[in-house]
Amino acid sequence: EYGIDRQTYMNHTNRIFPFYVMSYISEGAALLRIGNKEYEHLPNKVILVPPYTRHDHVMPQGSNTLFWWWHFDYKVYDTIDLLKLIRLPMIFTLKHGKQFEVVFSEYIKTMDLPSSLCNTLRRKASSMNVLAHLLGEAEEENLTHGIDAGIPNVFQEMLDIIVSGDVNNLNLQYFADKYNMHPTYISNRFSGYFGIPPIKLYRKLQLERAAQALNSGKSVSEVAEMFGFSDVSVFSRLFTSNIGVSPSKYAKLNPPKHLSEIG
């Protein structure tokens with residue numbers, strides 16, 4: 001959901017949403033309240049309330065405030081909330097507010113286009129442009145500090161190892177030996193921090209990389225060996241259950257392109 005609305009009165013209290021609530025003010029003022037803290041919402045300031053955060057957003061009768069608002073979420077691999085891992089402030093000032101207004105206006109125009117494959121891609125790109133602008137402004141102000149400090153370094157390192165793809169046949173025992181922790185404890189804590197068990201995430205990433213390798217023209221057995229599968233049938237079964245088609249069928253549906261076919 002999104003919009004640009006002028007309000008003369010607002011009394012939204014005890015709101016909880018399963019998505020991010022972004023609100024930018026170009027004229028007027030409002031008040032954001034979270035718990036016992038209050039934040040003054042003024043022109044060129046943006047608020048970014050995380051999912052499931054109880055909050056009030058209010059302003060007195062007779063005010064005249066122009067809101068640019070957006071309700072959204074952003075998850076990597078449908079599980080990891082990337083924004084949750086970044087310590088973004090609840091409210092911060094945009095140095096380039098007018099540029100943001102242009103970007104957001106373009107986003108609204110794109111979202112209102114008729115349905116088509118091309119317009120779906122345009123909408124995706126436009127929404128990412130809005131998010132990139134917000135994160136860029138926060139980064140410019142040194143307001144982002146990487147992974148949230150509430151997640152211990154050891155689990156951040158585990159995530160880095162999984163995402164890098166440098167270790168084949170990764171399993172819980174690898175982490176247990178490396179960090180001297182019980183495998184079940186590792187799996188439970190990792191799931192709590194990132195929303196997905198570590199080995200499930202690892203397999204998901206490996207199979208997506210395997211799909212890319214199949215696009216390059218490699219055989220199913222070559223790809224299986226590349227990603228540490230000694231048994232091609234096991235690889236095929238996992239690939240089919242995660243990607244939706246068998247690796248051989250996927251290769252036929254996505255043949256490699258020669259340079260002469262590109263562009």
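The values are calculated or read from the model by the stated rules, or taken from the named source; none is laboratory data. What you see is a predicted model, and the numbers here were worked out from it, not measured in a lab. Note that we place each Cβ from the backbone using ideal geometry, even for glycine, and neighbour counts take in every protein chain shown. Keep in mind that these areas ignore ligands, DNA and RNA; they rest on the heavy atoms of the full protein, side chains included. Shrake-Rupley method; radii C 1.70, N 1.55, O 1.52, S 1.80 Å.
Relative contact order for the chain: 14 percent, from Cα pairs under 8 Å spaced at least 6 residues apart, divided by residue count. Among S219, S116, S127, which one moves the most in a GNM of the chain with springs linking Cα atoms closer than 10 Å? Comparing S219, S116, S127 in a Gaussian network model of the chain, the most mobile one is S116. Between the helical axis of 183-194 and the longest alpha-carbon principal axis of the chain there is an angle of about 40 degrees. Distant-in-sequence amide contacts of A29, defined by a placed amide H-H separation under 5 Å and a gap of 5 or more residues or a different chain, comprise N64. Couplings for the range 218-230, taken from phi via the Karplus curve 6.51 cos²θ - 1.76 cosθ + 1.60 with θ = phi - 60°, read 6, 6, 4, 5, 5, 5, 4, 5, 4, 9, x, 9, 6 Hz in order; Gly and Pro are left as x. Taking max minus min of the alpha-carbon positions on each principal axis, the range 1-119 gives extents of 44, 29, 26 Å, largest first. Holding the Cα-Cα limit at 18 Å, pick out from K124/K200; K218/K249; K75/K124 the pairs that are longer than that. K124/K200, as the Cα separations exceed 18 Å there.
Within the listed set K204, K98, K37, the residue fluctuating most in the Gaussian network model of the chain (springs between alpha-carbon atoms under 10 angstrom) is K37.
Computed from the Kirkwood radius of its Cα pairs, the Stokes-Einstein diffusion coefficient for the range 4-64 at 25 °C and 0.890 mPa s stands at 207 µm²/s.
Ligands, DNA and RNA are left out, and with a 1.4 angstrom probe the accessible area of the chain is 56 Å² per residue. For the range 1-42, the residues whose amide N sits under 17 Å from a probe point set 7 Å from the Cα of S115 along the beta carbon direction are 1.
Relative to its residue count, the range 84-227 spans a Cα convex hull of 162 Å³ per residue. Note on the range 157-263: Rg/Rh from C-alpha atoms, Kirkwood Rh, equals 1.05. A convex hull fitted around the alpha carbon atoms of the chain yields 173 Å³ per residue. Of the solvent-accessible surface of the range 133-248, computed with a 1.4 Å probe and all protein chains present, 49% belongs to carbon and sulfur. Taking the longest Cα principal axis of the chain as reference, the axis of helix 232-243 is set at about 20 degrees. Compared with the dominant Cα axis of the chain, that is its longest principal axis, helix 97-111 is turned about 60°.
Spin-label model, K200/V167: points 7 Å from Cα along the beta carbon direction are separated by 2.0 nm. Counting only heavy atoms of the protein chains and using a 1.4 Å probe, R6 has close to 120 Å² of accessible surface.
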